[in-house]
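Please read the structure below before turning to the comments.
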Amino acid sequence: MELYFHWFDLLGIAVFAISGTLAAWRKQMDGFGVLVLATVTAIGGGTIRDLILDVPVIWLSNNDYFYAIFAATVLTILLVRKRLTIPNNTLQIADAVGLAFFVVMGTQKALDHGTSGFVAIMMGTMSGVCGGMIRDVLCREIPLVFRGELYAVTCIFGGLVYIGLLELGAGKMPAMLCGMTALLLLRLAAIRWHLTIPVFSRHGKIDP
């Protein structure tokens, strides 16, 4: 089971590295900027989570995470260079897939270290959104999590599905797959149909 968790972690790292690379491509950054943005997007959320949980930051003792970041970054660069245009929602879709992996894995890691289910969902959400927040800030953009479209809500939903299934006696792997799928489908629906939560307008009112 630990081997599966490790591969899920690496997949999440790789997908978030792809989203960071795509963001750097859109901003026309140089090679160093691409690598920095891919790295902070991939490991930023997990690093903050581990520091709060007061546990060793996983990438300090495991180079596999950096290998995954480098491989995903190089592959994305090669694909982007062969194609002159990238669909506008590609970054959002890559980000959604990364969320699905990171939120559930972050929730489980918090549970492994003795937190309550509520705190575990918070830690899972932090794992998913913080890397993207750092990416967007470095790109001088309002982070996706603050733009009104369902984002953090999808993370909470995925965490709730995962925790709920565990409480009902489901195995970790089925619960993880269901939590990831639920989060991903809700996030993709939000992207497709622009599902939002109320935001403040410029006139001081709350827009639906």
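The values are calculated or read from the model by the stated rules, or taken from the named source; none is laboratory data. All values reported here derive from a predicted model rather than from experimental measurement. Glycine gets a Cβ as well: all are built from the backbone with ideal geometry, and neighbour counts include every protein chain shown. The accessibility values were calculated without ligands, DNA or RNA, using every heavy atom of the protein model including side chains. Shrake-Rupley method; radii C 1.70, N 1.55, O 1.52, S 1.80 Å.
Results, tabulated for the structure shown:
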quantity	calculated
Approximate spin-label separation residue 64-residue 86, in nm, with each point projected 7 Å along Cα-to-Cβ	2.7
Normalised alpha carbon radius of gyration of the chain [divisor 2.2 N^0.38 Å]	1.01
Label point at residue 147 placed 7 Å out along Cα→Cβ; residues across the stretch 80-122 whose backbone nitrogen lies under 18 Å	86-100
Qualifying aspartates and glutamates (Cα of each under 20 Å from Cα of residue 82; at least 8 residues distant if same chain)	30
Projected label distance in nm at residue 7 and residue 185, using a 7 Å step from Cα toward the beta-carbon	2.4
Mean-position separation - Cα centroids, the stretch 84-132 and the stretch 26-81, in angstrom	14
Per residue value of the accessible surface for the chain (all protein chains in place, 1.4 Å probe), Å²	54
Cross-link partners of residue 109 among aspartates and glutamates (Cα-Cα below 20 Å; sequence separation of 8 or more within a chain)	2, 9, 50, 54, 64, 167
Contact order relative to length of the chain, as percent, for alpha carbon pairs under 8 angstrom and 6 or more apart	22
Max mean-square fluctuation residue, GNM over the chain, Cα-Cα springs under 10 Å, options 72, 120, 189	189
Ranked order, 133, 122 - accessible area, probe 1.4 Å, largest first	122, 133
